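Here's the structure, in structure tokens; my notes come after.
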Amino acid sequence: MRHIINCMAYGLGVALAGMSPTIAFAQALSVDAFKLSGVKLQQDTYQGVSALKMTMPSSATQDPTKEALADRDYMAWLPLNFHDGTIDVDVASDLSADAPRYARGFVGVTFRIDDNNRFESIYLRPTNSDAEDQVRRNHSVQYVAYPDFKFDRLRRESPEKYETFADITTGRWIHMRVVVSGSKARLYLDGRSKPALIVDDLKLGSSQRGGVGVWIESGTVAHFRNLKVTPAR
């Protein structure tokens, strides 16, 4: 297992100690570098480039006739000590063959993951972007904090505050950049200079710190590459 940091090879212990301004590049990481929470991760090729493929078991697909749909902790993540800084990653999602009707190609970034699997997250619902229903379109991007501030609670208590529209879709690479500072986070998509989503009150608080990962939910087959974590100086 190798982590490429500033074009030099270091072990994970160096990254955890925060001894380099750049923590990791996913293209240089093996599957074994990641902790897995309910998902399967494997080396793959997507649209002609090397990537990591992430899936979840069909048995974990939520059934809205039996339970309320909720954000969960299905993710692959690096056990870092991240606090403030920038997370860059290219993600792509497709619907699985057995995806339920409510599937949206859910994929996103998780950060400040602690030992109890509490984390902050900003994720995408790519199929919503092309929906004919304007309300669905407005739900293309979502912020949540697991486990207490899931999408349904935030949507109920603060309508529109933690969701927004973005021009995204399944079946293509989307670049996500998440900039975190204290209790604030900004999401930038596809290299744009203006944020797609602004969160000024991260629910786990400004002192939260921990790992960084990529997250999925029901009916999603995800690929990701070029994961780069840069702590604030």
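Inside region 109-130, residues that are free of Cβ contacts under 8 Å to residues at least 24 places away in the same chain and surrounded by 20 or more Cβ atoms within 10 Å (Cβ to Cβ) make up a count of 1. Within region 184-204, restricting attention to residues that are open to solvent by 40 Å² or more (accessible area, probe 1.4 Å) and of a type in the set (Gly, Ala, Ser), the residue that is farthest from the chain's Cα centre (by Cα) is Ser193. Taking each residue of region 159-185 that is free of Cβ contacts under 8 Å to residues at least 40 places away in the same chain and looking for partners that are part of a strand (DSSP E or B) with beta-carbon atoms closer than 7 Å, six or more apart or interchain, yields Tyr162/Gln142; Tyr162/Tyr143; Tyr162/Val199; Glu163/Val141; Glu163/Gln142; Thr164/Val141; Thr164/Leu197; Lys184/Val199. Flag: Ala60 matches the condition of being modelled with pLDDT of 95 or more, out of contact with any strand residue (DSSP E or B) (no Cβ under 6 Å at 6 or more places or on another chain) and open to solvent by less than 20 Å² (accessible area, probe 1.4 Å). All conditions in (1) under 23 Å from Met56 (Cβ atoms); (2) open to solvent by 10 Å² or more (accessible area, probe 1.4 Å) hold for Gly211, with the sole exception of (2). Is it the case that some residue within region 69-89 is open to solvent by less than 30 Å² (accessible area, probe 1.4 Å), on the phi > 0 side of the Ramachandran plot and either outside any loop (DSSP other than H, G, I, E, B) or among the polar types (S, T, N, Q) (or both)? Checked against the condition, which is being open to solvent by less than 30 Å² (accessible area, probe 1.4 Å), on the phi > 0 side of the Ramachandran plot and either outside any loop (DSSP other than H, G, I, E, B) or among the polar types (S, T, N, Q) (or both), region 69-89 yields at least one hit. Within region 152-194, being outside any strand (DSSP E or B), within 14 Å of Leu124 (Cα to Cα) and of a type outside the set (Val, Ile, Thr) holds for Tyr162, Phe165, Ala166, Asp167, Gly171, Arg172, Trp173, Asp190. Screening Asp115 against (1) within 25 Å of Ser181 (Cβ to Cβ); (2) of a type outside the set (S, T, N, Q); (3) assigned to a strand (DSSP E or B) leaves a single unmet condition, (3). Applying the criterion of being polar (S, T, N, Q) and open to solvent by less than 90 Å² (accessible area, probe 1.4 Å) to the residues of region 131-167, the residue that is farthest from the chain's Cα centre (by Cα) is Ser158. Restricting attention to region 28-35, does a residue exist that is open to solvent by 60 Å² or more (accessible area, probe 1.4 Å) and in a loop (DSSP other than H, G, I, E, B)? There is no residue in region 28-35 that is open to solvent by 60 Å² or more (accessible area, probe 1.4 Å) and in a loop (DSSP other than H, G, I, E, B).
The values are calculated or read from the model by the stated rules, or taken from the named source; none is laboratory data. Everything quoted here is computed from the prediction, not taken from an experiment. For neighbour counting, all protein chains shown are included, and Cβ atoms are generated from backbone atoms with ideal geometry for every residue, glycine included. Remember, those area values only see protein heavy atoms, side chains included, never the ligands or the DNA or RNA. Shrake-Rupley method; radii C 1.70, N 1.55, O 1.52, S 1.80 Å.
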